[in-house]
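*Asks:* Okay, here's the structure, questions in a sec.
The values are calculated or read from the model by the stated rules, or taken from the named source; none is laboratory data. Just so it is clear, the model here is predicted, and its values are computed rather than measured. A quick note on method: Cβ atoms are made from the backbone with ideal geometry, for glycine too, and the neighbour counts reach across all protein chains shown. The area values use the complete protein model at the heavy-atom level, side chains included, leaving out ligands, DNA and RNA. Shrake-Rupley method; radii C 1.70, N 1.55, O 1.52, S 1.80 Å.
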Amino acid sequence: MERGICAVVGDGGWQLAIEVVRNSDLTLLVQLKSAADVRAACRAVDRAGFYGTRIYIEKGEPARIHLADNLADALVAAPGTDVAAAEALRVIRPQGKAILGGRELIKPFPEGIDDWSHHYHGPDNNTQSNDLLARAPYITQFIAEPRYSAAPQAAVVSGGRVFLASGHIAWHEREERTLNALFALNAFNGTLLWKRKLTPGIMVDRNTMVATPDTLYLADDKSCKFIEPATGEMRDEIIAPPKLTGGSFWKWLAMEDGTLYGLVGKQEEQDPVAKWRRRDRGWRWDEISKGYHEPDNPWGAGDTLMAIDPQTKEILWHRRETRPIDSRGLCMKNARIYYCLFGREMVCLDAKTGKDVWRRTSAKDPDLFKAIGPYRPGQGFLQGWRTAPFLRCTAQAVYFGGPQVTQTVALSAENGDYLWTHSETDTHVLIRDDGVYIVGRHNAQRSWRLHPLTGKVLKTYKKASRCACTRSTGSVDSILFRGGGGTNRLDLATGKVLHMTPMRPSCMIGLLPAQGHLYWLPWVCDCNLQMFGVICCQPAGAFKFDRKAANKERLERPAGSGAAAEPLAVSPADWPTYRADNARSGHTRASVAEKVRLLWRITPHVEFEPTAPVAAGGMVLLGGSDGIVRALDAITGEARWTSYTGGSVRYPPSIAEGRALVGSGDGWAYALEAATGRLLWRFRAAPLERKIHVYGSLLSTWPVAGGALVEEGVAYCAAGINNYDGTHVYALDAATGEIKWQNNTSGHLYAPSPKGVSVQGDMLLHDGKLYLAGGNEVSPGVYDIADGTCLSAKLGKRTRRGRELVLAANGTVDAYGQPFYSRPEQPVFDRSVLWDDPVVVTANARLSFVSRKDADVASWALAARTLADDAELWNQPLPDEPVRWGMAVDAAGRVFVTLRNGEVLCFGKKQ
């Protein structure tokens, strides 16, 4: 095992971890019992260059491993460490390995899970999962790259792996890295297993990929390839004999009962790779690709059907039609293959022999084809993508429905007789045991459950309809589709539409219930979302999302450590917190020199992404993506102290009364002695020690990602990512860490939907209220600082998803800018996420970062301009891109800058 997540529990685990990461691409969680061992391990792993990037150190008893269920690929218990077999099996994924002393345990796949083996679940084109475990409510399992994907797309899931085919159209530069590529990810922790090139210009939104636990079958313009699912290497291939097929291009692929079926035909013209380089949201329907803009669909037509034994590659039968078969109108179920030659023939074959079971023709049955209706060309926002299939089947009936038809029509699977018509247009069709579900387009504002053989309406679901063209899918308890913002789930037990707002399903894939989990795949969109990428949720069962905290179980103080902190002399002109003050004004009383030079520059021994700096009492403090808090001497840049947390730190410490308060991605809030870095106390804001994989890092499901804000002896912090997992906001005594109040319910404000405030950026204090950047549903979240009551429901819903909070002159607070988990190199394009460049205002100047591009190479500078006449005071070049808001000014007028590569620079008065 070269890639994945491994847990090492017990003494000496960090030495083993260092050796392992030096010889693999694994990420390791090391869990130790004693605080002394944790400190020693942190220092050693930091010296080795792996802390917070490849190796994460946790303090905890072996009775509870600090990972989500099914997350680890392996677990190793050090000699003498007693890890219960049940706990080890909870943590490792199916087929993962646990080594407990002399025992090795392999976790089996659980009963009741289902693969998503074909692009449309199965060869029947019915996007209804048979997975019995993937059911609501849900909790996040992982969030992974790629954040965006080129179009078109196809995805399959099997054997603990997710396979994503990404096509030949990139509307933005950020999607170009995924053009013409096939990705394989671990289905339980999101680790990228491998990436493989696809033939450029082949339209992939079709059934040409079949996944089994042992083999990924991939059909293209030359052959059907047998791909090793663990490595991406090609093991074998089947090349269609030209004499039998008249071509080598595989248009359709299916598997049933161990037999492969293929539709093969002539070569298709490769569609030119499209790179639109848009700087606006989404895409335009008149800017897709040459092939998508042709009057007739140019893809998927073949004239030869084959059945093949994949073990021997023997062709069991083949038949060639005189007219090409449109693969969008091809499906199979229970040893029957159905296909439609639109307007001419409807055929059923025996899949064992390839012979006709029945064949209906327009010449003999004109009324039947009149009922099916004419072919409808085109595609669009409501109609959907014309590459989607229009035929699906069960053992009893064959159903027409999709962009190419104007209504839903059912035929008998037994003989092709007409059964019924449902007249709604632009619907999605799913077949479940209790009926046929017709998902209405968004302006229909309803969906229906019909009797499968009569079409009688059994139930109407009001206000239940999808948004736009995104594919609808079904789980054991729900119909899943895109909402106006995020994801909608029609709960079939109650008939109510419930919402998961942070992310939306991909247009061409939808949501995939498989392997006991629920998967969102990346897309190209800039819709009103806060999370992007490959996102997986697992069933939460009876988990209490509003779990309350008690000091006894959450608050830790080092033995022998008093609460008192050594005083630190902080000037009113210092910069003790993010953006200078709790109103995040970016203003300071300090003055900068009229001429400055670079006084010092610190380069880390391992690159990391730092926070913005703070500066007070002759020191500069910053956090980092590696979870380390660093204190530097303001005059020399020399290290004063280093302190370790267990997860990424996104905001710098807040300095108050000799303490540095910091929030960490490990789910804890820390109080450090500002002068020395000594730990005074730490408080677990997360309701449970549950690490997950988030964009390549191990984070708590509830990181204290917005940092800590301190006012009048009270430290405020919030824990969470997505509101549906629960949001936990606290006021703590800054001196002792004890709880003053807590709010554990603001993530679920609008019952029964889990809609509410997420933790998605800044905190700000104003007029007796705590504001929290809350993501795409309720933002900012607003809390009464007297008792923690969430006022957002009273104030009305706010939906700006930006990470930055701004206090306006009229006293209102609003959110602006990019989503919290977006990246500068992969920006979201939308007017709602526009933000101004950061400007720091001193007593005599405005400071800002200035960028310039020459030949696509960006250069950066720190510029100062006078307040009186906006004249340039000075301009200092920067060696790399600065952190947003990555500057602080201390009382002496020194300007400190953090760069995204981890460097810290100090500019000051020329001597």
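*Asks:* Let me have the relative contact order for the chain, percent, based on Cα pairs under 8 Å that are six or more residues apart. Before the final figure, lay out the partial values.
*Replies:* Working: 2599 pairs, mean separation 82.8, N = 911.
Reported relative contact order: 9 percent.
*Asks:* Just check the stretch 137-217 against the gyration tensor rule for me: Cα atoms, a ≥ b ≥ c as the square roots of the eigenvalues, rounded for a/c under 1.5, and otherwise prolate or oblate depending on whether a/b exceeds b/c.
*Replies:* Values: a/c = 1.98, a/b = 1.25, b/c = 1.58.
It is oblate, given that a/c is not under 1.5 and a/b is not larger than b/c.
*Asks:* Using modelled backbone amide H atoms (1.01 Å from N, in-plane), which distant-in-sequence or interchain residues come within less than 5 Å of Trp600's amide H?
*Replies:* Cys906
*Asks:* What Rg and what Dmax come out for the stretch 632-756 when only alpha-carbon atoms are used, in angstroms?
*Replies:* Reported Rg and Dmax, both Å: 15.3, 56.
*Asks:* If you count, for each residue, the other Cβ atoms within 10 Å and average over each peptide, how do 18-28, 656-666 line up from highest to lowest? Numbers along the way, then the final one.
*Replies:* Numbers: 18-28: 17.0, 656-666: 26.5.
Going from most to least packed, we get 656-666, 18-28.
*Asks:* Among Thr199, Pro502, Leu862, whose Cα projects farthest towards the positive end of the dipole of the chain, with charges put on the beta-carbon of Lys, Arg (+1) and Asp, Glu (-1)?
*Replies:* Projecting each Cα onto the dipole axis, the largest value belongs to Pro502.
*Asks:* Still on this structure, please answer the following. Strictly over 20 Å apart at the Cα level, which of Lys755/Lys794; Lys544/Lys691; Lys544/Lys769; Lys370/Lys459; Lys197/Lys333 would you flag in this model?
*Replies:* Working: Lys755/Lys794 15 Å; Lys544/Lys691 17 Å; Lys544/Lys769 27 Å; Lys370/Lys459 28 Å; Lys197/Lys333 32 Å.
From Lys755/Lys794; Lys544/Lys691; Lys544/Lys769; Lys370/Lys459; Lys197/Lys333, over 20 Å: Lys544/Lys769; Lys370/Lys459; Lys197/Lys333.
*Asks:* Once the whole set of protein chains is in place, how much accessible area is left on Lys548, using a 1.4 Å probe, in Å² to the nearest 10?
*Replies:* Here the residue's solvent-accessible area equals roughly 150 Å².
*Asks:* Okay, next question. Protein chains only, probe 1.4 Å: how do Arg471, Arg884, Arg589 rank by accessible area, largest first?
*Replies:* Values: Arg471 20, Arg884 65, Arg589 175 Å².
Descending order: Arg589, Arg884, Arg471.
*Asks:* Rounded, prolate or oblate: which one fits the stretch 172-246, using the alpha carbon gyration tensor with axes a ≥ b ≥ c (rounded when a/c is under 1.5, else prolate when a/b beats b/c, else oblate)?
*Replies:* Numbers: a/c = 2.52, a/b = 1.36, b/c = 1.85.
Oblate.
*Asks:* Using R₀ = 25 Å, calculate the FRET efficiency as 1/(1 + (r/R₀)^6) where r is the Cβ-Cβ separation of Leu192 and Gln311; round to 0.05. Please report the intermediate quantities before stating the final value.
*Replies:* Details: r = 30 Å, r/R0 = 1.22.
The formula returns an efficiency of 0.25 here.
*Asks:* Continuing with this model, one more query. Computing the accessible area with a 1.4 Å probe over protein heavy atoms, can you report the carbon and sulfur percentage for the stretch 268-399? Working shown, then result.
*Replies:* Details: 2990 of 6270 Å².
In the stretch 268-399, the share of accessible area belonging to carbon and sulfur is 48 percent.
*Asks:* Quick check: at a probe of 1.4 Å, how many percent of the accessible area of the stretch 102-162 sits on carbon and sulfur atoms?
*Replies:* Values: 970 of 1830 Å².
The computed percentage sits at 53.
*Asks:* Under a 1.4 Å probe, what is the accessible area of the chain per residue, stated in Å²? Mind showing how you got there, number by number?
*Replies:* Values: 32980 Å² over 911 residues.
Per-residue value: 36 Å².
*Asks:* If you fit an axis through the alpha-carbon atoms of helix 13-22 and take the longest principal axis of the Cα set of the chain, what angle between them do you get, 0 to 90°, nearest 10?
*Replies:* Relative to the chain, helix 13-22 is tipped by roughly 60 degrees.
*Asks:* Moving on to the next point. Can you check what the net charge comes to around Arg831, using other residues whose Cβ is under 13 Å from the Cβ of Arg831 (Lys, Arg +1; Asp, Glu -1)?
*Replies:* So the surrounding residues net to +1.
*Asks:* Could you work out the mean projected area of the convex hull around the alpha carbons of the chain, in square nanometres to one decimal?
*Replies:* Working: hull surface 151.1 nm².
Projected over every direction and averaged, the Cα hull of the chain covers 37.8 nm².
*Asks:* Using R₀ = 56 Å, calculate the FRET efficiency as 1/(1 + (r/R₀)^6) where r is the Cβ-Cβ separation of Val606 and Val457; round to 0.05.
*Replies:* Working: r = 63 Å, r/R0 = 1.13.
Between Val606 and Val457 the formula returns 0.30.
*Asks:* Given a 1.4 Å probe and every protein chain left where it sits, what share in percent of the accessible area of the stretch 506-572 is carbon and sulfur?
*Replies:* Working: 1390 of 2470 Å².
So the carbon and sulfur contribution to the accessible surface is 56 percent.
*Asks:* Something else: Going highest first, how would you order 560-573, 78-91 by mean Cβ packing within 10 Å? Each step should come with its number before you reach the end.
*Replies:* Numbers: 560-573: 13.6, 78-91: 16.6.
Top to bottom by mean Cβ count within 10 Å: 78-91, 560-573.
*Asks:* I've got another one for you. Taking only Cα atoms, what is the 0 to 90° angle, nearest 10, from helix 35-48's long axis to the longest principal axis of the chain?
*Replies:* That helix lies at roughly 80 degrees to the long axis.
*Asks:* Given an 8 Å cut-off on Cα distances and at least 6 residues of separation, report the relative contact order of the stretch 551-630 as a percent. Write out the running numbers ahead of the final one.
*Replies:* Numbers: 70 pairs, mean separation 20.2, N = 80.
Once divided by the residue count of the stretch 551-630, the mean separation gives 25 percent.
*Asks:* Let me ask something else. If one computes P(r) from the Cα atoms of the stretch 766-911, what percent of pairs lie at distances over 28 Å?
*Replies:* Working: 3643 of 10585 pairs.
Cα-Cα pairs in the stretch 766-911 separated by more than 28 Å: 34 percent.
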